[in-house]
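K.L.:
Below is the structure I would like to discuss, written out as C-alpha cells.
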Amino acid sequence: MTFEREREQMIADIESGVAFTRTMTGRNHLDPRVMKAMRLVPREDFVPTNMRGSAFRDGALPVGHGQTISQPYIVALMTDLLELTDTSIVLEIGTGTGYQAAILSQLARQVYSIERIAELARTAQRRLSDMGYQNVETRCSDGYLGWPEKAPFDGIIVTAAAPEVPPALLAQLKPGGRMVIPIGLPYSRQELVLVTRDLQGETDTRDLLGVAFVPMVEDT
Ligand code: SAH
C-alpha cells in the first residue's frame, strides 16, 4: 500500500487547518518547503504497524508509553513558525517517534532531539538512521535542561506541554532565534506560544492558539 490518497488528504486537512486558524496564527499559507517536507516524510513508517492505516488521520495517535504523535496540522504549523533555513541548528524536546525530527531534518542543517523515555529514544534514533536521516542526533535526557553542549539554537520546538517556558531553553535560544512551545498544565487549557529573541537579546512572547499536548515531565 502506498498511502498516496491518504497523504493527499492529509495535505488538504493541513491546508484547511491553516485557513481555519489564520486569524490566530497570522498565517494564510505555510512555507511551500514545509508542505513539501510533509509530503515527503512517510508518516506511516513512524506509527505502530497496526496503525499504519490511520497514520494520516487528522488527529494525534497513541504510540505507546502513554505518548502520542501529534496531529499533522500541528506538526506543520509548529515547523513553519520556526522559519528554518538550510543553515539552522534546531533543538526538539520530545523525540517520541522521531516524525517531527524527520520533518525538521528536511528544513534545517542539523537537528538535535531529546527524549526522556529510553526506549522511545532508542527506537526513534534507530528508525531515523535506518531511514537515512543523517542530520538528526537524539539523546535520552531531561529536556528541561536543553542540550547546552550544542547550544545556542536558531530554533527550539517543544512537543510536550510545560507549565512555563523552561529557563534553560530560553538561555539556549540564539539572538534572532524562535521557540515554539505549548504552555499549560496537563489536561487543562494549553496555549501554543511563540517566543522570539531579537538581535539585542530581548524576548517577546505571543500566545497563538489552544492546543492539547501530553505533559512535559520534569525528572527530579
Ligand atoms: N514529537 C514527537 C511526539 C511527542 S509526544 C513525534 O513526532 O512523534 C511528547 C514526547 O515528549 C513524549 O515522547 C515524552 O516522553 C517526551 N517528554 C516529556 N517530557 C520530557 C522531558 N522533560 N524531556 C524530554 N522528553 C520529554
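Bear in mind that the values in this text are calculations on the coordinates, not laboratory data. Worth saying up front: this structure is predicted, and the values here are computed from it rather than measured. Please note: Cβ atoms are built from the backbone with ideal geometry, for glycine as well, and neighbour counts cover all protein chains shown.
K.L.:
Percent of alpha carbon pairs in segment 1-75 separated by more than 15 Å?
P.N.:
The share of Cα pairs beyond 15 Å in segment 1-75 comes to 55 percent.
K.L.:
Give me the one-decimal Kirkwood hydrodynamic radius in Å for segment 116-220, with the sum taken over alpha-carbon pairs.
P.N.:
About 14.8 Å for segment 116-220.
K.L.:
For segment 155-210, which trypsin sites (Lys or Arg not before Pro) pass both filters: DSSP loop (anything but H, G, I, E, B) and at most 16 other C-beta atoms within 10 Å?
P.N.:
ARG189
K.L.:
Determine, for THR95, THR23, THR85, THR68, the number of other Cβ atoms within 10 Å of each Cβ, and report the residues in order from fewest to most.
P.N.:
So the ranking, lowest neighbour count to highest, is THR23, THR85, THR68, THR95.
K.L.:
Using Cα centres only, tell me the gap between segment 105-153 and segment 78-95 in whole Å.
P.N.:
Result: 12 Å between the Cα centres.
K.L.:
Apply the Debye scattering formula to the chain, with a single equal point scatterer on each alpha-carbon and no solvent, then give log10 I(q)/I(0) at q = 0.17 Å⁻¹.
P.N.:
With no solvent term, the Cα-only Debye profile gives -1.27.
K.L.:
Would you mind pulling out the separation of the Cα centroids of segment 155-206 and segment 1-46, in Å?
P.N.:
23
K.L.:
While we're here: Mean shadow of segment 173-220, computed from the convex hull of its alpha carbons, in nm²?
P.N.:
So the mean shadow area of the Cα hull is 4.0 nm².
K.L.:
Can you tell me, using C-alpha contacts under 8 Å and at least 6 residues apart, the relative contact order of the chain as a whole percent?
P.N.:
15
K.L.:
Can you put GLU8, GLU137 in order of Cβ neighbours within 10 angstrom, beginning with the fewest?
P.N.:
GLU8, GLU137
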